1. If I take R0 = 35 Å and measure r between the Cβ atoms of E19 and E78 in this structure, what FRET efficiency does the formula 1/(1 + (r/R0)^6) give, to the nearest 0.05?
2. Roughly how many debye, to the nearest 20, is the charge dipole of the chain about its Cα centre, given +1 on each Lys and Arg Cβ, -1 on each Asp and Glu Cβ, and no other charges?
3. What is the calculated FRET efficiency for E71 to T34, with r their C-beta to C-beta distance and R₀ = 35 Å, to the nearest 0.05?
4. Which whole DSSP H helices in the chain pass both tests: a Cα extent of 20 Å or more along the axis and a mean Kyte-Doolittle value no lower than -1.0?
5. Assuming a strict under-28 Å limit between Cα atoms, what lysine pair count do you get for the chain once near-sequence pairs (fewer than 8 apart, same chain) are dropped?
6. Counting helices only, and only those DSSP H runs with n ≥ 4, report the 222 nm mean residue ellipticity of the chain as the sum of -39,500 (n - 2.57) divided by its residues, in deg cm²/dmol to the nearest 500.
7. Just grab the label-to-label distance for N89 and D12, each label 7 Å out from Cα along the Cβ direction, in nm (one decimal).
8. Loop-only trypsin sites (Lys or Arg not before Pro) in segment 24-80, please: DSSP not H, G, I, E or B, and at most 11 other Cβ atoms within 10 Å.
Amino acid sequence: MIELKTPSETIDILVENIERARKTKRLKQSDLCTMADISVTAYQNFIYKKNTNLIALIKIMHVLKMWNNLEGLIEFKEQLSIQDIRDINKKKELPKRIRNEK
């Protein structure tokens, strides 16, 4: 069964992952903020109040080399209609048997 997370739960997981990555790299919050060019207050608002802007979040994730986590934000997957899928499958049909002429 697929378990969908609420936006609040998703942010909690994101905060945990970012803090874990920061601590793994042995960075103080102030050092991370300097490297990401954001204020310590902005970072603490994100960690404790779960409030930040997208630019600050991307800067933080970039410094922590969390590029794989960002890929889902920028990847666009085209949605196909049922008719599009049928048309694609028709094009993939095998050719009919060819008879040898004698």
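Any read-out appearing in this document is the output of simple, stated calculations on the displayed coordinates, not a laboratory observation. Predicted model only: the values in this text are computed from it and were never measured. Cβ sites come from the backbone with ideal geometry, for glycine too, and all protein chains shown count toward neighbours.
1. Details: r = 35 Å, r/R0 = 1.00.
Working from the Cβ atoms, E equals 0.50.
2. Values: 20 positive and 14 negative charges, 115 e Å.
With Lys and Arg at +1 and Asp and Glu at -1, about 560 debye.
3. On the way: r = 26 Å, r/R0 = 0.74.
Efficiency at R0 = 35 Å is approximately 0.85.
4. Values: long enough: 7-24 (25 Å, -0.61).
Span-like helices in the chain: 7-24.
5. 28
6. Working: 6 runs with 64 residues, N = 102.
Helix contribution divided over all residues of the chain: -19000 deg cm²/dmol.
7. 4.2 nm
8. Details: sites: K25, R26, K28, K49, K50, K59, K65, K77; in loops: K25, R26, K28, K50, K65, K77.
Here the trypsin sites (Lys or Arg not before Pro) that fit, given the DSSP loop and packing criteria, are R26, K28, K65, K77.
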